[in-house]
Every structure is written in structure tokens, then in C-alpha cells.
Amino acid sequence: MTSEAQVDVAIVGGGIAGLWLLARLRHAGFSCVLCEGHALGPGQTVASQGIIHGGTKYSLTGKLSGAAEAIGAMPGIWRAALQGQGEPDLSRATILSEHQYLWTTESLGSKLTGFFAGKAMKARMQPLQRDRHPEPFAERAFHGSLYQLDEPVLDTRTLLSAFSDAYADSLLHIDPNAVRLEIGDDGVRMAVRAPSGEQLSLRARRVILTAGAGNEALARALPAAAAPMQRRPLQMVMVRGELPALYAHCLGVSANPRATITSNRDRAGRQVWYVGGQVAEIGANRTHDEQLHAAHAELAEILPWVDLAHTEWATLRVDRAEGRQPGGHRPDLPVLNWSGPVGVAWPTKLALAPRLAEMVMDGLGLDTPTQAEGLPGLDEWPRPEVAPYPWDVEGRTWS
Ligand code: FAD
């Protein structure tokens, strides 16, 4: 059987980009549907480190780059939403840590003087005297410098749940391989199918593709396919066991942190360190075993006093999917390409999702909502679940 529906905007892809946009559109009164092909956020959002960057990481060269300026406003927008004072209301999402830390090893010495003297940076980070050091930096064996960054770290599953609870009536679980788009004079005809086989024919004034890496295949089907994508691969490392909670970047001499460590509890209640930064970037070219070996050596060097003897380790290969840039560099901003009434979008960072939603709203060209009465007849359509964390995925090898 084929159902029919008409909406102002149909979104394809339920990671942070699609969900934040859905919230913005719904608040503006537009009728919307968000079609998700798997679960909410399994590509990147749930695999991200959940850091709401304010630009510090991009300023490690000592001056504010374009990326740092663009992202500087984001923590404020997120904080308002997380306190229930913004749009969307994310007060049900969990903040794992209000701050991150940035530490240097003692060998780094004065190389950082210029960086820390920078006026812009002073406002965002404060040096911590030893009596204020949290674990594991409270140990006497730590001889480096420690700074506190005013940038929160989120539990991304509760973030996705906050959206999914608020906008469940706009979410549809679909077969990702059966999305058909046909651009007409009055908008887009979009055909989708439920995993159970039921068909839906949607008429939408605009369609926005926010399917992360999935955008590549979806955009290829557009008549004027002009949405090139790039992937920047990572091999993340997961360490579980008796560990202190840690949300911190270890600063090296390069513009990227040597390692960025965030922490979560897994389903069994174990602490898991999720390790990114250069360890994961350089590690993308290593085999699984080489990566485990290299990550062991790196953590032993940057946190020599932390006992890692009884921990278990695993790796995760994951790509960052972004709008293509010359030389394959990270874009400074979200990327949004329009192909008539179809927009193809990548936020570039979790933190930049509000900015992307603003860009879409500006380019939508729909002044007034015409269909604000919801989606009649789709009450029984299956809804997508929230994806599990990488460390909770069944069948992963830990060693
Ligand atoms: P995704 O989260 O990938 O969501 C895309 C959605 O589309 C998925 O739910 C997928 O199932 C769905 N989909 C795919 N194909 C189809 C289809 N054909 N039909 C229907 N649905 C489809 N950014 C930060 O700001 N802070 C961080 O700490 C951070 N850490 C990161 C760590 C890692 C390891 C990675 C990879 C990225 C990190 N990022 C971080 C970047 C950030 O995660 C991404 O920019 C952001 O999550 C992308 O969101 P998205 O919604 O575009 O894509």
C-alpha cells in the first residue's frame, strides 16, 4: 500500500544536522518529516567525542583562524539550548563535563608561550594551579601544565534522544536504499519505503539531505549533481577498565592535539576512554594491531603515571564526511549546496549544527509555512531508534 503526504520540508538523515534543522523548522511553523535509514546518528554523531568546541582547538597556532572565529559563538547557543532556554530545548540531554582540560607534557616548555599569551585564548581558558587539579592530574607524577577550557562535552545518545522525544511525530524509519527524488516545477516528489515494505509518496517544497556520508549516494541521483563530498578517515581507540573520567586534550607541538580523550560509561558500567586527536588521524593509515600498539605507546608517554595494565582495548574506523575542499582540508564552516529545491548539507562539526540550520533557513526561500497540521495517516509508520555507542556495539573485538 502507498500512503501520500505533503510537507513543506523533507529531511533525509537523522544525525545532529538533520535533527537540529528539524527542530528549527518545526519552531518556525513548517511541516516537516525526517526520514532516517538506519538509527539516529550511527554514522558520525554517536561516534563523535561530543565536544562543543568554541574554537580553542583551532587556535593552537596562536592566532584565531577562520574556523575558530566561526565556531566561537557555538558554545553559547548550545548552552542556552542545554539549559532549556534556547531553541531547541535540549534540557534532557546529559552534559558529561562542563569543561575540558588541556595539558602539556613537561618537555613542551616554552614553545607555547605565544599561544597562551594570545588575548583571545586567555578569555577561553584558565591555567589551573596544582591545588585545583582534577584526577588524574592531581598526581604528584604530573609535571606539565594544565588549563581548563570553557567548552562542554555531551552524552551524544541523550542528545539524540532529546530530539527524538520532542519531534517523534516527524520521524520516519525508512529503507536507505529506496529513496527516490524527482524534482518538479512545484517542489520535489520523494518516494520512500518503510523497512517492512510500505510505500510513501511525499510531496515536499524543499528536500534537505543531511545523511552524512550517505549524502554522496543520494546526491548522485540529483539531476544537477553538484554536491562533492570528502571523507577524512580516523581510527579511534577505545580503552575500558578502572580509569578516571577524563575530558582532555594533550597538546603537542603541532596545531592538532596529540590525543583528545573523552570518557563514557558503557552498558556494563565500565569506564571507557575514547581517544581521538592525532593518534586517530595518523592511525587511520595503520592496521588494527599497529594502531593498538601505537596508541598504547602514546598513552604511556603522555600519561605515564596512569596504570593501564588491566584495561581492554579496541579500535573504530570512522570517516568524517564533509563538503569537499581544495586539498581535502577541513572546511571552516558547514557546507550547503543547493540543487534547485534540494539542499545537500554537512555540518563539518557537531558543534556547528546550529550554524548549518541557520544557513538552510536563510536559503530555503519559503516565507510562510503552508502545511502545519502534521502528518495525518502516518501514526503507524515505524520510528528510528537511537544508535548505540561504538563501545556498546555487539561483536566488537577487545584485547
Ligand atoms: P551523521 O551523524 O553521520 O548522520 C547521518 C545520518 O544519516 C545517520 O543517522 C545515517 O543513518 C543517515 N543516513 C545515511 N544514509 C541515509 C540514507 N540513504 N537514507 C536515510 N538516512 C541515511 N564534532 C564536534 O563538534 N565535536 C566532536 O567532539 C567531534 N568528534 C568527532 C569524532 C569522530 C570520530 C568523528 C567521525 C567526528 C567528530 N565530529 C565532532 C564531527 C561530527 O561528529 C560530525 O560533523 C557530525 O556528527 C555530522 O553530523 P551529520 O548529521 O551530518 O551526520
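The values are calculated or read from the model by the stated rules, or taken from the named source; none is laboratory data. Please read these numbers as outputs of a predicted model, since none were measured by experiment. Note that each Cβ is placed from the backbone with ideal geometry, even for glycine, and that neighbours are counted across all protein chains shown. Side chains included, ligands, DNA and RNA excluded: accessible areas come from the protein's heavy atoms. Shrake-Rupley method; radii C 1.70, N 1.55, O 1.52, S 1.80 Å.
Odds and ends about this structure:
- Of all residues in the range 340-369, those that are in contact (Cβ under 8 Å) with a residue 40 or more places away in the chain and within 25 Å of H329 (Cβ to Cβ) have Cβ atoms under 6 Å from Cβ atoms of residues that are open to solvent by 20 Å² or more (accessible area, probe 1.4 Å) and assigned to a helix (DSSP H, G or I), 6 or more apart or on another chain, in P354/I77; A357/R24.
- Test: residue in the range 265-285 that is surrounded by 17 or more Cβ atoms within 10 Å (Cβ to Cβ), closer than 24 Å to S97 by Cβ and aromatic (F, W, Y): yes
- Qualifying position, being within 11 Å of the ligand (Cβ to nearest atom) and either out of contact with any helix residue (DSSP H, G or I) (no Cβ under 7 Å at 6 or more places or on another chain) or without any contact (Cβ under 8 Å) to a residue 12 or more places away in the chain (or both), among G241, G214: G214
- Residue that is nearest to L159 (Cα to Cα), among those in the range 332-349 that are outside any strand (DSSP E or B) and either open to solvent by less than 20 Å² (accessible area, probe 1.4 Å) or more than 7 Å from the ligand (Cβ to nearest atom) (or both): P334
- Residue under evaluation A93, criteria (1) farther than 28 Å from W391 by Cα; (2) within 15 Å of the ligand (Cβ to nearest atom); (3) at pLDDT 85 or above, criterion not met: (1)
- Counting only strands (runs of 3 or more DSSP E) that fall entirely inside the range 175-214 and contain at least 3 residues that are surrounded by fewer than 16 Cβ atoms within 10 Å (Cβ to Cβ), the qualifying elements are 180-184.
- For D289: the one exception among (1) in contact (Cβ under 8 Å) with a residue 24 or more places away in the chain; (2) of a type outside the set (S, T, Y); (3) at negative phi: (1)
- The set of residues from the range 380-399 being part of a loop (DSSP other than H, G, I, E, B) and either open to solvent by less than 30 Å² (accessible area, probe 1.4 Å) or modelled with pLDDT under 85 (or both) comprises W381, P384, A387, Y389.
- Counting residues in the range 114-122 that are hydrophobic (A, V, I, L, M, F, W, C), under 21 Å from the mean Cα position of the chain (by Cα) and either modelled with pLDDT of 95 or more or open to solvent by 10 Å² or more (accessible area, probe 1.4 Å) (or both) gives zero.
- Apart from one condition, E290 fits all of (1) more than 17 Å from V393 (Cβ to Cβ); (2) surrounded by 19 or more Cβ atoms within 10 Å (Cβ to Cβ); the exception is (2).
- Which listed residue, of Q49, Q148, is modelled with pLDDT of 80 or more and either surrounded by fewer than 15 Cβ atoms within 10 Å (Cβ to Cβ) or out of contact with any His (no Cβ under 7 Å at 6 or more places or on another chain) (or both): Q49
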